[in-house]
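Below is one structure, written out as structure tokens; comments come after it.
What follows is calculated from the coordinates using simple rules that are stated; it is not laboratory data. Please read all numbers here as calculations on a predicted model, not as lab measurements. No Cβ is skipped: glycine too gets one built from the backbone with ideal geometry, and neighbour counts run over all protein chains shown.
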Amino acid sequence: MSLAQDMRPATQHLLDKINATAGEHGKVSYQGSVPFGARLKIERFRLSNGLHILLVKDPTAPVIAYHTWFRVGSRCEAPGKTGISHLFEHLMFNEIEGLKTGEFDKKMEAIGADNNASTWLDFTQYQEAFPKKHLPLVIDLEARRMHQLVLREPQVLSEKDVVMNERRFRVEDDIEGTAEEQLWKTAFERHPYHWPTLGWMKDIEGLTTDDCREFYQRYYAPNNASLVIVGDLNEQKALRLISETYGKLAPSVLPLEEIEPEEPQMEERHVELNLPTETEKLFLGFKSPAVGDANHVVASLLIEVLCGGPASRLRRRLVRHDQIASDVGGFIGPHRDPSLMEISVAARRGVRAETLRAAIDEELTRIQQEAITEAELNRAKARMELGLLGGLESADGKASTIGFYQTLLGRPAAAFERMEELERLTPSDLLRVARSILHPRGCTSVVVRKNTETPPASESLS
Amino acid sequence: MTQDLIVTADPALPLLHLSVVTKSGALLDPPGKEGATRLLFRLMRRSVLGMTPEEVDEAFDGMGATLGVDVQRSVAGFHGGCIARQKTAFFSLVRQLVAQPDFSSDEFSRLKDEALADWHESIDSDSTLVRRAFTRHLFVDHPYGRLAGGDAESLQKITLDDLKSLHQSLFRSSSLIVSLAGDVSEREAVGLKTDLDSALNDALPNMPEISDPQLLPGRRLIFVDKPERTQTQIAIGGMGTHPLDEDHTALYIAHTIFGGTFTSRLSREVRGKRGWSYGASSSLPIDRKRQAFSLWTFPKSEDAAACIRLELELLEKLIEKGVTKSEISAAKRYLSNSHVFSVDTAAKRASLALDAQIYHLPEGYFDEYLQRISACTLEEVNAAIKRRLSAEDLLICVVGTKESILQDLTDSIPRLKTSTVYPFNAPAG
């Protein structure tokens, strides 16, 4: 019987049965339910050790998506030890007590699971999607690696090499990756968003096995995690198993988060890079609201108007009208603390970054002086609605959306709350937020120019 | 059932996916004018009679819809979707776009400039460079070696008349397949297909006849020289199989064991044991004729020579000794159990049905996939490896910095027959 069919008495009865035999850390309390769109509901629970549990029964396909979200990311790191959150994410796929290195992945593959993980500024998350009958195995493995990971020097050294290669792939040999890293490094001087999630190469090289053990003890605890389980599941069985397995874990004393707030930026900051490329590029970052700020939805709509889709202002101006750019991108950081609204542009051959900047500045001035049209507003809203729906087709997509907002805001259905807010927005809201964000003194810019040592393109193949 | 129409209805979300594809693709590009089919589709995407390109873009955006272009060698199409409440308007615009293209010379000139700019931008990507080099030099003079996106030389030669001629060849009622998935009914789908068909001429589809590609003998190195690389991109490969080959399923199991999963031989040896590359995998794609079997890694420059030697040794061992019973069991379990993720959404189910039509697969090909996997024996897999793979007739493509590593590479690859260097920014590179 689904929990959602019944109301509190049956839920309480189930929990009473589980709690009657649960250990000190495995007692389950019900936290209520939250609608997730028109059809689904998130049932929220919590273990006595602090673990959040969010269950969504969705029988659309015979699969389950199982996500574990930890409130630890590169924001929790310190200078000299950057990149440890991400390195640790790699290490979580290694040896567990009773399971040699490689066995975790073999077991996942044997059940046909699609598994992965990611680390960013504010979180680290682990995910599997698998045929529904294997839920007991996955619960067992995930609970075990939360507290029984074995960290040995050879595996740490090997994963450090892999991570350094990942850094070369994403940053050192990647123009956009290099420019993005410099953009954030320059925009943030005190706040931990200053350093990249991948970590500086020197720091990665210097990380030790003891660093990793300490990191694990400190942050990988049930009271620092949320489980999100979406799919064709039996909620009662799931809760019972979670209580039995995760109930063996004691909570950790989480470290105090001592974030240095960023000082207000009083003037534009600028970086020049010379890299092996045929075309110049321009990256702009404007200080922008945190994801929990009321203005974040407005800012999301603003960047959509500016850069989202071929009818957006900057694409139309730079690619189509002036024909000075080959590509325009825009993005707003969805982060716990204030971050950046980014605009990135690739110039056409022979076009200088200054030309791009002049055109962009004109458009940014215009959007601060005149309200956007209703047609533009409605187009941007429609695109954002399409984006949200597209992310919810699979069990994994739903779990990702829920896990993200649960971890950052404590509101697992915030994606839909944001859509409701979006509907209420008017051109006046965008005008207000554009004026507060898009001023030059809050801007950091990175220009990529062609390295003069790069040989010119040959006329023909010899 | 309407011919060349795929419908997988699912009202769970108010969203639908649309594909309108032609049964031929970039293989119809005139010789020396590679990229023409892609330009045609890009032009059609933005140019409708009676509307400006700005109006077309605003119309799609305003209805919460997207429509993109994807052109491959054997198939080309428009792919997108919309919020379900806008489907009538969406279908109407797609219909106009297919049936009433505007071959404006101004728009064509603008588009060509954009395409050239895109090409120059694309050479920033090392992984794009290695893929292009591998495709071009593996298939050499075979039509599969022609790049669907073209290059700086071929793009410049394309004319508007080329696009009009391609449009005549590609857009015939018998050449179009329509696929719809999501919040859509059979009746709505039939309506769209019928409208599209009635707007096009009904000549037979233009399907170029091509033979299976043949591999050049010996081990060949193609080196794409790019300055300041701390890392290399490496592709090694030869010929694979056609999906109807008697060896295809067996070879697919072999590829899964060798490089198809995180615990595969290649991933374990290159990444797991040595930490040499963030990714290490093999690939066995399908097409209407025989495609490639390939290995992909990206070690740091100092490890490139050793990584290539290791990959060659692993390939030699695979061919000489084959795979084991326990490896086959594990691969079969993985393929069988993970198959649910090929069909867990309406869009994925539609995509499989579309592939079956595009690649001329028999009815039920993907439905019977699990049975074919299950039926494959150890002997069949090892026989397929020996028949289909070669460790001697291979192409090795590397993107890196010549002055740092080329000599080391050529010295360390056993039985290397030829070595050629191209600059990364060559217009036909």
Where a ≥ b ≥ c are the square roots of the eigenvalues of the C-alpha gyration tensor, would you call the range A:215-331 rounded, which needs a/c under 1.5, or, failing that, prolate if a/b is larger than b/c, or oblate? prolate
Give me the Debye-computed log₁₀ of I(q)/I(0) at q = 0.16, 0.20 Å⁻¹ for the range B:26-79, equal point scatterers on Cα only, no solvent, two decimals. -0.54, -0.74
Among the aspartates and glutamates, which have Cα under 13 Å from the Cα of A:Lys287 when same-chain residues fewer than 8 positions away are ignored? A:Glu189, A:Glu262, A:Glu263, A:Glu267, A:Glu268, A:Asp337, A:Glu342
Could you list A:Met341, B:Met44, B:Met51 so that the one with the fewest beta carbons within 10 Å of its beta carbon is first and the one with the most is last? B:Met51, B:Met44, A:Met341
Packing-wise, with mean Cβ within 10 Å as the measure, how do B:308-321, A:414-427 rank, highest first? B:308-321, A:414-427
Across 10 Å bins from the origin, how do the percents of Cα pairs in the range A:231-288 run, short distances first? 13, 19, 16, 14, 19, 19
Relative contact order of the range A:1-129, please, whole-number percent, based on alpha carbon pairs below 8 angstrom and at least 6 residues apart. 19
Can you order the peptides A:224-236, B:184-196 by their average number of other Cβ atoms within 10 Å per residue, highest first? A:224-236, B:184-196
By the gyration tensor of its Cα atoms, with a ≥ b ≥ c the square roots of the eigenvalues, what is the shape of the range B:52-106: rounded for a/c under 1.5, prolate for a/b over b/c, or oblate? oblate
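Between their Cα atoms, which of A:Lys398/B:Lys325; A:Lys398/B:Lys112; A:Lys202/A:Lys450; A:Lys41/B:Lys348; A:Lys107/B:Lys321; B:Lys23/B:Lys157 are more than 30 Å away from each other?
Details: A:Lys398/B:Lys325 38 Å; A:Lys398/B:Lys112 40 Å; A:Lys202/A:Lys450 26 Å; A:Lys41/B:Lys348 25 Å; A:Lys107/B:Lys321 26 Å; B:Lys23/B:Lys157 25 Å.
Those over the limit are A:Lys398/B:Lys325; A:Lys398/B:Lys112.
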Sort B:Leu93, A:Leu198 so the one with the fewest other Cβ atoms within 10 Å of its own Cβ comes first. B:Leu93, A:Leu198
Taking Cα atoms of chain A, Rg/Rh with Kirkwood Rh, to two decimals? 1.00
How big is the Kirkwood radius of the range A:283-329, worked out from every pair of different alpha carbons and given in Å to one decimal? 11.6
Can I get the semi-axes of the range B:238-342's equivalent ellipsoid? Compute them from the C-alpha gyration tensor as square roots of 5 times the eigenvalues, in angstrom, largest first. 23, 16, 13
Give the dimensionless ratio obtained when the Cα radius of gyration of the protein assembly as shown is divided by 2.2 N^0.38 Å. 0.95
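Neighbouring Cβ atoms within 10 Å as the yardstick, rank A:Val162, A:Val150, B:Val398 fewest first. Walk me through the numbers on the way to the answer.
Working: A:Val162 21, A:Val150 16, B:Val398 26.
Sorted ascending by nearby Cβ count, the order is A:Val150, A:Val162, B:Val398.
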Volume per residue that the Cα convex hull of the range B:62-207 spans, once the total is divided by residue count, Å³: 152
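If you take each beta carbon of peptide B:340-346 and count the beta carbons of other chains within 10 angstrom, what is the mean?
That works out to 6 on average.
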Under the Karplus relation with 6.51, -1.76 and 1.60 and θ = phi - 60°, whole-Hz ³J(HN,Hα) for the range B:123-139, x at Gly and Pro, equal 6, 5, 8, 5, 5, 5, 4, 6, 5, 5, 4, 5, 4, 5, 8, 6, 8
In the range B:310-328, whose amide N lies under 16 Å from the spot 7 Å out along Cα-to-Cβ of B:Arg415? List them in ranges. B:310-322
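Roughly what percent of Cα-Cα pairs across chain B reach past 32 Å? Can you show the working numbers first?
Details: 40352 of 91806 pairs.
In whole percent, the share of Cα-Cα pairs in chain B beyond 32 Å is 44.
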Per-residue HN-Hα couplings for the range A:292-306, Karplus 6.51 cos²θ - 1.76 cosθ + 1.60 at θ = phi - 60°, whole Hz, x for Gly and Pro? x, 6, 4, 7, 5, 5, 5, 5, 5, 5, 4, 5, 5, 5, 6
Mind listing the Cα extents of the range A:146-215 along all three principal axes, in Å, largest one first? 38, 27, 21
At q = 0.19, 0.21, 0.33 Å⁻¹, what base-10 log of I(q)/I(0) does the Debye formula yield for the range A:260-310 when every alpha carbon is treated as an equal point scatterer in vacuo? -0.94, -1.00, -1.24
Calculate how large, on average over all directions, the projected area of the Cα convex hull of the range A:282-366 is; give the answer in nm² to one decimal. 5.1
Once the Cα atoms of helix B:186-199 and of chain B are each reduced to a long axis, what angle between those two axes, in degrees from 0 to 90 to the nearest 10, is obtained? 80
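If the viscosity is 1.567 mPa s and the temperature 4 °C, what translational diffusion coefficient in µm²/s does Stokes-Einstein give for the range B:312-429 when Rh comes from Kirkwood over Cα pairs? It would help to have the intermediate numbers written out before the result.
Details: Rh = 18.5 Å.
Value of D from the Cα-based Kirkwood radius: 70 µm²/s.
In terms of the Cα gyration tensor, with a ≥ b ≥ c the square roots of its eigenvalues, is the range A:33-163 rounded because a/c is under 1.5, prolate because a/b exceeds b/c, or oblate? List each step's numbers first, then the result.
Numbers: a/c = 2.12, a/b = 1.41, b/c = 1.50.
Because a/c hits 1.5 or more and a/b fails to exceed b/c, the range A:33-163 counts as oblate.
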Among the aspartates and glutamates, select those whose C-alpha is under 19 Å from the C-alpha of B:Lys87, and discard any that sit fewer than 8 residues away in the same chain. A:Glu385, A:Glu393, B:Asp10, B:Glu55, B:Asp57, B:Glu58, B:Asp61, B:Asp183, B:Glu186, B:Glu188, B:Asp195, B:Asp197
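Using Cα pairs closer than 8 Å and at least 6 residues apart in sequence, work out the relative contact order for chain B, in percent. List each step's numbers first, then the result.
Details: 808 pairs, mean separation 98.1, N = 429.
23 percent.
What Kirkwood hydrodynamic radius do you get for the range A:355-427 when you take the inverse of the mean 1/r over all pairs of distinct Cα atoms, in Å? Could you put the intermediate results ahead of the total?
Details: mean 1/r = 0.0688 Å⁻¹.
Computed over the range A:355-427, the radius equals 14.5 Å.
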Considering the alpha-carbon set of the range B:367-429 alone, what are its Rg and its Dmax in angstrom? 19.2, 52
If R0 = 35 Å, then B:Asp106 and A:Ala358, at their Cβ-Cβ distance, give a FRET efficiency to the nearest 0.05 of 0.90
Cα point-scatterer Debye curve for the range B:180-297, base-10 log of I(q)/I(0) at q = 0.18, 0.21 Å⁻¹: -1.00, -1.17
Treating the angle as unsigned and between 0 and 90°, give the value, to the nearest 10°, between the Cα long axis of helix B:325-338 and the longest Cα principal axis of chain B. 20
Can you tell me the FRET efficiency between A:Lys237 and A:Asn378 if r is taken as the Cβ-Cβ distance and R0 is 60 Å, rounded to the nearest 0.05? 0.85
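Roughly how crowded by other chains is peptide B:260-269, in terms of the mean Cβ count from those chains within 10 Å of each of its Cβ atoms? Walk me through the intermediate numbers first.
Working: counts 1, 4, 9, 9, 1, 0, 0, 2, 3, 0.
Counting other chains' Cβ atoms within 10 Å and averaging over B:260-269 gives 3.
What number, in percent, do you get for the relative contact order of chain A if the mean sequence gap of Cα pairs under 8 Å and at least 6 apart is divided by its residue count? Before the final figure, lay out each step's value.
Values: 873 pairs, mean separation 92.6, N = 462.
Reported as a whole number, the value is 20 percent.
Among the DSSP beta bridges whose two residues both lie in chain B, what percent are antiparallel, rounded to the nearest 5? Can you show the working numbers first?
On the way: 41 of 61 bridges.
Here the antiparallel bridges make up roughly 65 percent for chain B.
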Taking the range A:1-110, which GluC sites (Glu not before Pro) meet the DSSP loop condition and have no more than 11 other C-beta atoms within 10 Å? A:Glu24, A:Glu97
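What does the charge count near A:Gln406 come to, summing +1 for each Lys or Arg and -1 for each Asp or Glu among other residues with Cβ under 11 Å from its Cβ?
Numbers: positive: A:Arg44, A:Arg71, A:Arg411; negative: none.
With Lys, Arg at +1 and Asp, Glu at -1, the neighbours total +3.
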Short version: ³J(HN,Hα) in whole Hz for each residue of the range B:153-163, in order, from phi by Karplus 6.51 cos²θ - 1.76 cosθ + 1.60 (θ = phi - 60°), x for Gly and Pro, what are they? 6, 5, 4, 5, 8, 6, 10, 5, 4, 4, 5
